[in-house]
Amino acid sequence: MKTLLRSGRFLCFDARAVYLNLKEAHGDEGFPRDKLFDLSTLNLGIFFKEVTLDDEGDEVLVSTRVYFPYNDSEVDQGGESTLADPDRIVRVLAKRGAIKADESLSTHDQRVLDILTKVPTFDPFLLLSQRRELEVERSISPNYFDITEADWMLIRRPVLEKIGTLVAKANAGDGLDVYQEYVGDRHNEKDDHQRIMTGAVVDAIWQGEETPGSRSLIRSFRLNESQTKQFLFAWKGINYYEFQYERHKPLFYEFFEWLGSERSLPRDREAMTESAMDRFIFRRNRAKALIRSTHSTVIRIIQNYNQAFDQLIQNDDPRPFQAFLRDAPKNFLTVGLAIGILAHTANAWDNTASNKRKPMRSVDLEPFYDFIIAINGQDFQFS
């Protein structure tokens, strides 16, 4: 658990740490009113994503769990874990004597749990993008959305550039419908009331709002406009994860280089038995294969997105981008998890390998490889 906590925010959200810091800052003023959950005990949970494949092995499944440590200062000394749904949490907390067995969570707490379950990772950007829904009933401390305004603008710019380019392209001619404009299906008459206003639509896409313009854009790709919010959120998310991949790439590639070098073998291997060394090499090769698969998933989704975008912008062919949008909700989940796993793994390596130019001892390497294998799970399947 400590390795998971130190490795980053993507797949593990230590709500407990934020809450304890808020309590300390409030001093004798009592419990902070802007805590994440109404139920104080629930604020002491650590949330994490559990990644598996379905029975057929061709779909990534994600569940959200919450871990309540027995000892707040030693979180890896044991605790109770349960799926993060209200009924299960109530049973666990009732068993611990934190609430009565017939109690239920507040509407606010149920909404927060629903959103924590819905987002593919606990990346602060994604939680910040859901802040309006999280704060329907009351405000939540900005400490839970720990992203600076400078980072926010840095992330927002590349996302808006691509979206703006596409919307401007769709709005360049006299028509609204990109299929009518580029494929040649011009049976419908032009409707001035449905024209895309570039600025308004870009803003709606960024906010994930359903407006006449954003619905028209989704409809123009022959997609179900009733799912506009899902398409917009997933589209923005894939843009965001492309940005995050570029941001983390130097660390990723430094880690990949280490994993493929002799430095990823134990420095005390001369003292190891042949069978122990064979088991170690098998574990390392398994870790390498899983990392390669996870990275391949990220690259394929990002490349498919950019190729579809280029086909639309440069070659006036909207069909690949239609396919991208159609699959965006599924691929957004997949690429978010894959990058989250890579970031967790690379950060854990960065924390574990204090001197990256020298091999580590087997006693330190073995649990690290076990961590890689556990967090990467089974190979991602991409279609």
Among the residues listed as Arg215, Arg222, the single one being modelled with pLDDT of 80 or more, farther than 30 Å from Asp350 by Cα and not in a helix (DSSP H, G or I) = Arg222
inquiry  = If I ask for residues that are open to solvent by less than 50 Å² (accessible area, probe 1.4 Å) and of a type in the set (Gly, Ala, Ser), which ones from the stretch 236-281 would you list?
reply    = Gly237, Ser261, Ser264, Ala276
request  = Collect the residues in the stretch 252-268 that are of a type outside the set (Gly, Ala, Ser) and not in a helix (DSSP H, G or I), keeping them in residue-number order.
outcome  = Leu265, Pro266, Arg267, Asp268
note = Of those in the stretch 332-377 that are polar (S, T, N, Q) and out of contact with any Asp or Glu (no Cβ under 8 Å at 6 or more places or on another chain), the residue most open to solvent (accessible area, probe 1.4 Å) is Ser354
inquiry  = Looking at (1) under 30 Å from Asn239 (Cβ atoms); (2) more than 30 Å from the chain's Cα centre (by Cα); (3) touching a residue at least 12 places away in the same chain (Cβ under 8 Å), which one does Arg267 not meet, given that it meets all the others?
reply    = (1)
inquiry  = Being more than 28 Å from Pro120 (Cβ to Cβ) and either surrounded by 19 or more Cβ atoms within 10 Å (Cβ to Cβ) or at pLDDT 90 or above (or both): is that true of Ser296 here?
reply    = no
request  = Would you check which residues across the stretch 204-235 are touching a Gly at 6+ places or on another chain (Cβ under 7 Å) and open to solvent by 10 Å² or more (accessible area, probe 1.4 Å) and list them?
outcome  = Lys229, Phe233
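Condition check ((1) touching a strand residue (DSSP E or B) at 6+ places or on another chain (Cβ under 6 Å); (2) modelled with pLDDT under 85) across all residues:
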| residue | (1), (2) |
| --- | --- |
| Val62 | yes, yes |
| Gln77 | no, yes |
| Gln130 | no, yes |
| Arg138 | no, no |
query = Across the stretch 302-339, what is the total count of residues that are small (Gly, Ala, Ser) and modelled with pLDDT of 90 or more?
reply = 3
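The values are calculated or read from the model by the stated rules, or taken from the named source; none is laboratory data. This is a predicted model, so every value here is computed, not measured. Quick reminder, even Gly has a Cβ in these numbers, built from the backbone with ideal geometry, and neighbours come from all protein chains shown. Just so you know, the surface numbers come from the protein's heavy atoms only, side chains and all, with ligands and any DNA or RNA stripped out. Shrake-Rupley method; radii C 1.70, N 1.55, O 1.52, S 1.80 Å.
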